[in-house]
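In what follows, a single structure is set out as structure tokens and then discussed.
The values are calculated or read from the model by the stated rules, or taken from the named source; none is laboratory data. Please read these numbers as outputs of a predicted model, since none were measured by experiment. Positions of Cβ are generated from backbone atoms using ideal geometry, with glycine treated the same way; all protein chains shown enter the neighbour counts. Quick note on the areas: whole protein, heavy atoms, side chains included, nothing else; ligands and nucleic acids left out. Shrake-Rupley method; radii C 1.70, N 1.55, O 1.52, S 1.80 Å.
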Amino acid sequence: MSQPRKIHVSTTVNGEPKEFLCEPGQVLSDALRNNLALTGTKEGCTTGDCGACSVLLDGALVCSCLVLAAEAEGRAVQTIEGVAGEGRLHPVQQQLLEHAGLQCGICTPGVVVAAKALLEQNPDPSEEEVRFWLAGNLCRCTGYDKIIVAVLAAAADMRAA
Amino acid sequence: MSLAQYSSPPTLAEAMQALAGGTGARPLAGGTDLLVQMKLGLRSPAHVVDLKRIPDLMALTLDDNGLRLGAAVPGAVVTANADIARTWPGFTEALGLIGSSQVQGRCSAGGNLCNASPAADSVPALIASRGVCHIAGPGGERTVAAEDFTTGPGTHCLGDGEILVALQLPLPAPRTADAYLRMIPRTEMDIAIVGAGVSITLDESGVCTDARVAIGAVAPTALLVPEAAAALIGSTLDADSLQAAGAAATAAASPISDKRGTAEYRRKVVAVLVRRAAAIAHSRITEST
Ligand SMILES: Cc1cc2nc3c(=O)[nH]c(=O)nc-3n(C[C@H](O)[C@H](O)[C@H](O)COP(=O)(O)OP(=O)(O)OC[C@H]3O[C@@H](n4cnc5c(N)ncnc54)[C@H](O)[C@@H]3O)c2cc1C
Ligand code: FES
Ligand code: FES
């Protein structure tokens with residue numbers, strides 16, 4: 001079989017215009033990591049179950065392992081690399097550190113991207129709402145409680161700011 | 001993941017052309033079924049035709065004709081719409097049960113229907129609320145009732161080059177409400193072993209004048225169960241009528257046994273869920289008036 005023709009993609013990643021060439025069957029998580037060297041986005045399960053690959057696509061929280069890279073054409077992608085401000089962690093990141101909400105860290109970029117998305121649409125979530133929202137972010141290390149506490153603390157920080 | 005061709009046509013006509021003719025092309029909505037199946041080697045289309053640049057597939061309108069929901073609109077867009085949630089709480093909750101927040105960012109009601117899993121969560125709710133499928137194809141446009149769309153596990157009524165364009169939910173009659181319940185072995189992120197969608201209409205005196213009952217995951221396709229609805233119509237949804245509706249659902253079910261649950265268990269639980277969903281729909285009407 002002949003090699004599939006590569007697709008030229010023009011997109012925006014964390015506010016910056018980016019271009020890359022991808023295979024038709026390449027997924028966005030792979031293109032972010034291997035074409036654009038944005039390795040903050042992790043790949044765990046690659047089938048939509050673990051949330052390590054969470055990014056925003058045109059503002060919607062998605063698993064980038066279940067998005068074709070070519071779908072990003074003309075759309076805006078936000079990854080973990082765009083979360084921290086200049087020299088300053090986002091409150092979700094800061095509180096994950098304070099509360100030891102990470103150990104190995106493989107789930108953390110996805111947790112941060114997902115939690116930030118929640119707090120932007122719901123600044124004062126209940127514990128249950130946080131747990132429900134993050135049900136698609138699997139963590140093998142922390143036992144979740146510390147993550148939930150950190151996200152609730154970050155929400156409080158953001159409301160006070 | 002090996003794939004020879006990807007395209008994202010901006011019009012229905014171009015998408016139909018790409019899909020027609022048995023060339024091994026397959027439509028893509030949110031990809032939460034299709035891309036997983038491709039990664040697992042269960043499907044290997046030669047060409048993936050992304051439907052999300054076609055305006056009709058991504059449109060959502062709510063007016064006197066009810067809801068017209070573009071087949072590729074993501075779940076998160078539907079559940080964030082307070083008017084839809086108020087008018088069809090059961091359908092909205094059913095769609096919102098699919099997967100995680102991340103899956104909600106992509107999964108569509110159209111994809112849930114077209115994937116044709118017997119356990120698809122939004123389908124019994126769609127059927128209960130009298131959903132109609134708008135289909136476009138090389139031969140023109142047609143509509144199919146939601147209960148007639150799926151023909152078996154993984155199969156549906158779409159012909160060569162046909163695309164599901166939108167789902168229509170007619171505006172409910174006054175004093176009507178719907179509800180959907182599912183049973184899963186875990187508390188979230190799991191596949192239903194039983195699903196039940198119910199829509200109830202009451203008159204001023206509290207007598208049920210119309211009802212629809214649909215069940216999922218207990219037969220090769222989601223089923224409309226007119227016998228269960230008949231047990232409710234004319235009653236005040238008293239315990240005996242709910243019991244009879246549940247028994248009718250059990251009688252209509254032909255479940256399989258698998259690692260999630262035995263056939264016997266599913267037959268029993270489907271009756272419970274039909275009763276409870278009818279009671280929830282009932283209380284939604286009485287509490288809002
Ligand atoms: C982690 C995870 C959890 C999940 N949990 C649930 C759950 O709880 N309940 C549940 O019901 N499902 C669940 N699913 C399955 C899936 O998310 C749903 O079935 C979803 O609604 C599929 O929609 P989609 O837009 O992603 O479809 P796609 O994957 O894009 O498409 C599904 C199928 O339909 C075809 N298709 C799509 N749109 C059209 C169209 N307009 N016309 C013709 N054919 C079309 C495609 O070719 C494909 O075969 C889960 C999936 C994942 C990954
Ligand atoms: S890698 Fe995407 S959800 Fe696990
Ligand atoms: S910190 Fe290790 S998986 Fe979450």
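Take the accessible area of A alone and of B alone, subtract that of the pair with a 1.4 Å probe, and the total buried over both chains is about 2200 Å².
Our note on the geometry: Cα centres of the stretch B:15-47 and the stretch A:63-123, 30 Å apart. The Cα center of the stretch A:21-52 and the Cα center of the stretch B:230-282 differ in position by 44 Å.
If you roll a 1.4 Å probe over the stretch B:139-289 with all protein chains in place, what percent of the accessible area is carbon or sulfur?
55 percent
Taking the chain by itself as reference, the stretch A:1-36 contains these residues with an accessible-area loss of 40 Å² or more in the full protein complex (1.4 Å probe, heavy atoms): A:Pro24, A:Gly25. Contact residues in the stretch B:42-63 (at least 50 Å² less accessible area with all protein chains than alone, 1.4 Å probe): B:Arg53.
Taking trypsin sites (Lys or Arg not before Pro) across the stretch B:230-268, the ones in a DSSP loop with at most 15 further Cβ atoms lying within 10 angstrom of their Cβ are B:Lys259. Where in the stretch B:87-102 does accessible area fall by at least 30 Å² between the isolated chain and the complete protein assembly, at a 1.4 Å probe radius? For the stretch B:87-102, once contacts with the other chains are taken into account, B:Ser101, B:Gln102 lose 30 Å² or more. Modelled spin labels at A:Cys141 and B:Asn65, positioned 7 Å past Cα toward Cβ, are 5.4 nm from each other. Per-residue surface analysis assigns A:Lys42 an accessible area of about 50 Å², computed on protein heavy atoms at 1.4 Å probe radius. Using the 1.4 Å probe convention, the accessible area of the stretch B:176-288 works out to 43 Å² per residue with neighbouring protein chains retained. Screening chain B for DSSP H helices whose Cα atoms reach 18 Å or more along their own axis and whose mean Kyte hydropathy is at least 0.5 gives B:239-252. If R0 equals 22 Å, the separation of the Cβ atoms of B:Ala20 and B:Thr143 corresponds to a calculated FRET efficiency of about 0.65. Can you give the log10 of the normalised intensity I(q)/I(0) at q = 0.06 Å⁻¹, computed with Debye over equal Cα scatterers of the protein assembly as shown? Values, matching the q order: -0.27. Using the 1.4 Å probe convention, the accessible area of the stretch B:59-128 works out to 29 Å² per residue with neighbouring protein chains retained. Our helix-only sum for chain B, with -39,500 (n - 2.57) per DSSP H run of n ≥ 4 divided by its residues, gives a mean residue ellipticity at 222 nm of -9500 deg cm²/dmol. Stretching B:Ala247 away from B:Leu171 to a fully extended chain increases their span by 24.4 nm, per 0.36 nm per residue minus the current alpha-carbon distance. On the stretch A:9-161, 50 percent of the accessible area sits on carbon and sulfur atoms, based on a 1.4 Å probe. With all protein chains in place and a 1.4 Å probe, the accessible surface of the stretch B:6-47 carries 53 percent carbon and sulfur.
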